[in-house]
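Here's the structure we're looking at; comments come further down.
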Amino acid sequence: MTDFTKAIELNPNLEEAYSSRGAARYLLKEYKGAVVDLNKTIELKPANANAYQGRGGARASLEDYAGGIADYAKAIELSPKWAELSITADLSN
């Protein structure tokens, strides 16, 4: 996490650093921080389907289900692979 923060300090427009730090925060269950970083990722690169997918998961974890669904829908719109991955995940449960 420290490396991502340092990268952001050196280049505040480095979308990949926000995205990676957001993913790390999500894995650490720091959902609010993940949403903040993924918001910045989307601001810098609006067509980043992965950021919408990650933010959707963080929002859902914060019980913002409407926001999570909206983000998942946007991820699928930008990259239909997310629909296929969601169906596969549902079938494996």
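Throughout, read-outs are computed from the coordinates displayed, never taken from laboratory work. Not measured: the values here are computed from a predicted model.
So the values come out like this:
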{"item": "Cα Rg, Dmax (largest Cα-Cα span) when computed across the chain, Å", "result": "13.2, 43"}
{"item": "Over the chain, relative contact order from alpha-carbon pairs under 8 Å, at least 6 apart, %", "result": "19"}
{"item": "Cα long-axis angle, helix 31-44 against the chain (0 to 90 degrees, to the nearest 10)", "result": "80"}
{"item": "Segment residue 73-residue 43, extension gain: residue separation times 0.36 nm, minus the distance between their alpha carbons", "result": "9.0 nm"}
